[in-house]
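Report on one structure; see the data block that follows.
What follows is calculated from the coordinates using simple rules that are stated; it is not laboratory data. This is a predicted model, so every value here is computed, not measured. Neighbour counts run over all protein chains shown; Cβ positions are idealised from the backbone, glycine included.
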Amino acid sequence: MLPVPDTTPAAAPIGPSLNDFACFYLYGLTNHPYQQSTDLAKFGELYALAIGTHGGLGIASSFHPYQLVNPAGVSVWYAAYAQLYAQPNRLELFAEMTLEKAAFVVVPPASFAEFHVWPDSRLTTDENPIFGRFVPFVLPFLVRKNPEALRWDAEFAAADGDKDRLSPYLKEVNQAIKFVQPAPAFVLGFGEFDEQQPEQLVEKFLSCRDLLL
């Protein structure tokens with residue numbers, strides 16, 4: 001796992017399209033959603049554990065859901081793609097992602113530290129006070145599209161609904177996030193972000209709200 005610096009060349013050749021990637025995330029609850037780490041190796045380990053042998057980008061931060069899209073409508077996934085696209089050697093990086101299934105890490109712009117409540121405000125404490133005590137967080141990944149199953153999906157398929165068989169993997173995931181989301185943070189699940197329907201992410205948290213009350 002290598003860092004991809006946030007630089008913009010004066011001129012660069014045409015490169016991969018954002019449509020060649022999918023936007024995935026781990027989501028859970030914590031007491032401090034926006035946290036960073038300089039341990040890029042740990043981000044690489046987390047990427048491998050959640051995504052598996054798929055090329056792509058880990059994003060070196062955790063976020064509150066209302067930090068994932070800025071007021072201009074740009075998501076952290078798009079920002080990660082833009083950082084990849086800004087690299088003079090982006091064609092080589094994309095080839096490594098595709099052929100060698102390599103993964104890299106980008107550090108998101110500091111502007112994503114700002115909160116921006118989408119039209120869907122159901123995660124605000126005004127509407128649901130419980131999310132002030134159990135605060136939502138998201139760990140995003142930008143993944144090269146590939147027909148093979150992601151590691152998360154493969155583990156769930158192999159467990160075939162058996163919680164005992166799945167438990168060791170989930171414990172491993174929760175252990176792996178501690179470098180950036182220490183206890184009491186814990187993972188609730190995994191999903192794909194749809195910029196056309198961001199409310200689907202909100203609904204994942206709402207589905208567990210009654211269990212927290």
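Tabulated values for the structure
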| read-out | value |
| --- | --- |
| Residue ranges of helices (runs of 4 or more DSSP H) in the stretch 39-145 with at least 2 members surrounded by fewer than 21 Cβ atoms within 10 Å (Cβ to Cβ) and either among the hydroxyl-bearing types (Ser, Thr, Tyr) or over 16 Å from the mean Cα position of the chain (by Cα) (or both) | 76-85, 90-99, 130-133 |
| Any chance Leu123 is out of contact with any Leu (no Cβ under 7 Å at 6 or more places or on another chain) and in contact (Cβ under 8 Å) with a residue 24 or more places away in the chain | yes |
| Number of the condition not met by Ala159 [criteria: (1) free of Cβ contacts under 8 Å to residues at least 12 places away in the same chain; (2) more than 30 Å from Leu213 (Cβ to Cβ)] | (2) |
